[in-house]
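Just below is one structure, and these are the notes that go with it.
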Amino acid sequence: MPKRKKDARGEETKAGGLAELLRVPPGSRVDLAGTDAGATPGGPAGKAAGLAATAAMGERLAALQERLYASATAGDRRRVLLVLQGMDTSGKGGTVKHVIGLFNPSGCRIRAFKAPTAQEREHPFLWRIEQALPLPGEIGIFDRSHYEDVLIARVRELAPRAEVDARYGKINDFERSLADDGVTVVKVFLHIGYEEQRARLLARLDNPDKHWKFNAGDIEERALWPAYQEAYELALERCSTGPAPWYVVPADRKWYRNWAVSTLLLEHLEALAPRYPPGDFDVEECRSRLLSS
C-alpha cells in the first residue's frame, strides 16, 4: 500500500473517486506504520471546509437512502452494510453519531459488537453477524464486526492459530455471499496514530464527564499495539477482495474521518442508483376519486 504522507486535494478524488484512493487493492501489502494517520487524502482544504462539505452531503445521502428503502417495497433486495473497525478511540462511535446522523434512523440497523455472549459462543463465529445483517432497503452499520475473530482472537490467542487462520477464508466466502445477495459491503479501517490515541485517552481521564468512556483495560491493550497493527495488516491484506474491499481512512483528524466515511457511502449509494418504484394504480382515477370525496 503506498504511503500517504502528503495531503491530497480534490483533483485526485475527481479522477476515480475517494473509494479508489483509499481502497486496499486485492493482494497488496499493507504498511500501517508507513500510512500517515493524520493525512487527509482527497479531502477538502481544512477543517472548516471539511465540516461544510460533510453537512452539504446530508441531503443527497438522505435522498438516496429513501430511494433505496422505497425500491425494496417493489422487491429490490439491495442494501448497504458499513463495517467500522479500528483501535480504541479511533472514532467508531463518533462516526456512527456524525455520519449516520445524516440518514433517516428508521432505515438504519446499527449494531455494536462486544465480547460474545454465552449463547453466541455456542455457534460458529459468523452466526451472530448473520443475525444482525440489514434487511433489503436498509443501511446497516457495524461498530466492530466479525473481524474481531481474527483481530483480538489472534492477539490474545483466544483460539488456536490454525483456527484463526482458517477464518480469513470463511470471512471472504461469507462476504462474497453477501454481495451475491445484494449487500454492498463498505469496510472501513479507521487508522489512528499511536500518539493520537494517547492524547484521546488522556482527554478522557482529564474530563470527569468522559470517565464513563474510559476503560483501564485500554492501557493494557495499548501495550499490545504492535501485535494489533500486525493483526490489522493481515486482515486488510487477506480480506480486501473485489466484492468487499477494505478502505483505510486516516482518523487522527475527526473532521476528515467523518467527511471520508460520508463520501464513501455517497459514492457507493450513487453507484447503486436506486429508483423509486412506479405506482401499481391508476393515478388519474385516484385523483378523481379524492377530488370528489
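The values are calculated or read from the model by the stated rules, or taken from the named source; none is laboratory data. What you see is a predicted model; the values in this text were computed from it and never measured. So basically every Cβ, Gly included, is an ideal-geometry build from the backbone, and we count neighbours across all protein chains shown. Quick note on the areas: whole protein, heavy atoms, side chains included, nothing else; ligands and nucleic acids left out. Shrake-Rupley method; radii C 1.70, N 1.55, O 1.52, S 1.80 Å.
What whole-number value in Å² describes the accessible area per residue of the chain for a 1.4 Å probe? Value for the chain: 50 Å² per residue.
At R0 = 25 Å, how high is the FRET efficiency between E120 and E157 if r is their beta carbon distance? Nearest 0.05 is fine. Once rounded, the FRET efficiency stands at 0.80.
Among beta bridges from DSSP that stay inside the chain, the antiparallel ones total about 5%. A Förster distance of 30 Å, applied to the separation of the beta-carbon atoms of L135 and K210, puts the FRET efficiency at 0.30. Solvent-accessible surface of protein heavy atoms, probed at 1.4 angstrom with all chains present, puts R289, R79 in the order R289, R79, largest first.
Rg over Rh of segment 100-202, using C-alpha atoms and the Kirkwood radius, what does it come to?
That ratio equals 1.00.
Could you tell me which of rounded, prolate or oblate describes the chain, using a ≥ b ≥ c as the square roots of the eigenvalues of the alpha-carbon gyration tensor, with rounded for a/c under 1.5 and, failing that, prolate when a/b is larger than b/c and oblate otherwise? All intermediate terms of the calculation are to be shown ahead of the outcome.
On the way: a/c = 1.78, a/b = 1.45, b/c = 1.23.
Judged from the Cα gyration tensor, the chain comes out prolate (a/c at least 1.5, a/b above b/c).
If you fit an axis through the alpha-carbon atoms of helix 47-72 and take the longest principal axis of the Cα set of the chain, what angle between them do you get, 0 to 90°, nearest 10? Taking Cα atoms only, the helix is inclined about 50 degrees. All distinct Cα pairs of segment 144-186 go into the 1/r average, and the inverse of that average, the Kirkwood radius, is 11.1 Å.
With both bridge residues required to lie in segment 53-148, what share of the DSSP beta bridges run antiparallel, to the nearest 5%?
Working: 0 of 10 bridges.
Approximately 0 percent, going by the DSSP bridge assignments.
At 1.4 Å probe size, with the rest of the protein present, what percent of the exposed accessible area of segment 119-199 is carbon and sulfur atoms? Please list the in-between numbers first.
Working: 1660 of 3500 Å².
Using a 1.4 Å probe with all protein chains present, segment 119-199 comes out at 47 percent carbon and sulfur.
Taking the three principal axes of the alpha carbon atoms in segment 29-154, the coordinate ranges are 49, 47, 26 Å, sorted in descending order.
Computed on protein heavy atoms with a 1.4 Å probe, the accessible areas place D209, D280 in the order D280, D209, largest first.
With respect to the chain, whose longest principal axis is taken over its alpha-carbon atoms, helix 194-206 is tilted by about 80°.
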